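Notes for the one structure printed next.
Taken together, the values in this text are just the output of simple stated rules run on the coordinates, not laboratory data. Just so we're clear, the structure is a prediction, and the values are computed from it rather than from any experiment.
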């Protein structure tokens, strides 16, 4: 079973090469963070803000290729978690055909954000990630934990 998720947070830390995105279950309480690289985090952030770039970056290039070949991105699916690594697919529609293309979750989400497509996570992945992966929770940002005052 696939669970609808939404991108709820992009955390870009200037002091680190590891950035984080957080996916949250739509209509539910489960969420999990994925470590990603700085270029991918910046691409996701840029696409969320709708910021244009003067020349196509990798995700814009891939988007152009998909469209030039008569396809469109239908959804992003994170389907497995193996030894701490998430695996995703781009689900592309080309006429009547649904084509699955292997992708890193960060790349898939960067592409998907620009099109507002669904992000879905396999139930088994969500159950494992939401319960057994506290070691990759993003750090608390300064001032975020100031509820005691």
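In the range 13-87, the alpha-carbon atoms span a convex hull of 151 Å³ per residue. Build a GNM of the chain with springs between Cα atoms under 10 Å apart, and of 16, 89, 31 the one that fluctuates most is 16.
Here Cα Rg over 2.2 N^0.38 Å was calculated from the structure, and among (i) 1.18; (ii) 1.08; (iii) 1.25 it sits at label (ii). Relative contact order of the chain, taken over Cα pairs closer than 8 Å and 6 or more residues apart, is 25 percent. Among 66, 12, 34, determine the one that fluctuates most according to a GNM of the chain built with springs between C-alpha atoms less than 10 Å apart. It is 66. Take every Cα-Cα pair in the range 1-51 and report what % of them are more than 12 Å apart. Counting pairs separated by more than 12 Å, the tail of P(r) holds 63 percent. Counted over the chain, the DSSP beta bridges are approximately 90% antiparallel.
Relative to the longest principal axis of the Cα atoms of the chain, the long axis of helix 58-68 lies at roughly 30 degrees.
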